[in-house]
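Each value in this text was obtained by applying a stated rule to the coordinates, not by laboratory testing. It should be emphasised that the depicted structure is a prediction, and the values quoted were computed from it without experimental measurement. Note that we place each Cβ from the backbone using ideal geometry, even for glycine, and neighbour counts take in every protein chain shown.
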Amino acid sequence: MDRAFSFLKLIFMSIPFHPRMGQVLVGDFSDLKEPEINKIRPVIVISPKLPYRAGLVAVVPISLTAPLHSMPYCYRLSKNYHPKESDDLETWAKCDLVMNVSLRRLQGFKVGRRKWEIPNLSMQDLDGVRVAVMKGLGLDRLKIEPS
């Protein structure tokens, strides 16, 4: 592991709260192995706070790399939600890579000394990500009957 990477690991501080659906955080997946996500990257929280599930949240990773093939489970976000990057950078939610992770893997975007930001997805983007997640899980043809 190189020095810069080990330094990043030292300053990674997890969030002290349960995030809301649609919040954009930074996830540390550096200890995972390919083909899993295996680096520090932005993620979208896609699950609500559920009973008996403290400390866990479902997330979808965000990538600056466009998919090689147009797939229904890759959703292009309307803007880049990273607070220190240009809004018009192309960003993609990779909705086939849903993960349930510990809150210890998540933190906000560090924007200054002791300053963190946690952006929120627009409703349009959150709805698009939800649809793409269903497609990525093969659940898009599910018929849900009203109860």
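For Leu97, indicate whether it is closer than 23 Å to His18 by Cα and in a loop (DSSP other than H, G, I, E, B). Here the answer is yes, as Leu97 does meet what is asked.
Rundown of residues vs (1) among the aromatic types (Phe, Trp, Tyr); (2) more than 12 Å from the chain's Cα centre (by Cα), yes/no style:
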position: Ala58; (1), (2): no, no
position: Ala66; (1), (2): no, yes
position: Tyr73; (1), (2): yes, yes
position: Arg76; (1), (2): no, yes
position: Tyr81; (1), (2): yes, no
position: Asn100; (1), (2): no, no
position: Glu117; (1), (2): no, yes
position: Gly136; (1), (2): no, yes
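Is it the case that Val131 is among the hydrophobic types (A, V, I, L, M, F, W, C), out of contact with any Leu (no Cβ under 8 Å at 6 or more places or on another chain) and closer than 14 Å to Val26 by Cα? Criteria not met by Val131.
Selection over segment 111-132 of residues that are assigned to a strand (DSSP E or B) and in contact (Cβ under 8 Å) with a residue 24 or more places away in the chain gives a count of 3. State the number of residues belonging to segment 84-101 that are farther than 18 Å from Asp28 by Cβ and surrounded by 11 or more Cβ atoms within 10 Å (Cβ to Cβ). Selection size over segment 84-101: 9.
Against the list (1) outside any loop (DSSP other than H, G, I, E, B); (2) over 14 Å from Pro19 (Cβ atoms); (3) not hydroxyl-bearing (Ser, Thr, Tyr), the condition His69 fails is (1). Does Pro72 satisfy the criteria of being farther than 17 Å from Ser14 by Cβ, touching a Lys or Arg at 6+ places or on another chain (Cβ under 6 Å) and not aromatic (Phe, Trp, Tyr)? Yes.
When Tyr81 is tested against (1) touching a Leu at 6+ places or on another chain (Cβ under 8 Å); (2) in contact (Cβ under 8 Å) with a residue 40 or more places away in the chain; (3) in a loop (DSSP other than H, G, I, E, B); (4) surrounded by fewer than 14 Cβ atoms within 10 Å (Cβ to Cβ), only condition (4) is not met.
For the condition buried (at least 16 other Cβ atoms within 10 Å of the Cβ), of a type in the set (Lys, Arg), touching a Phe, Trp or Tyr at 6+ places or on another chain (Cβ under 9 Å) and assigned to a strand (DSSP E or B), Lys135 does not qualify.
Out of Leu25, Leu50, Leu68, which single residue is farther than 17 Å from Gly128 by Cα, buried (at least 20 other Cβ atoms within 10 Å of the Cβ) and of a type outside the set (Gly, Ala, Ser)? Going through Leu25, Leu50, Leu68 in turn, just one is farther than 17 Å from Gly128 by Cα, buried (at least 20 other Cβ atoms within 10 Å of the Cβ) and of a type outside the set (Gly, Ala, Ser): Leu25.
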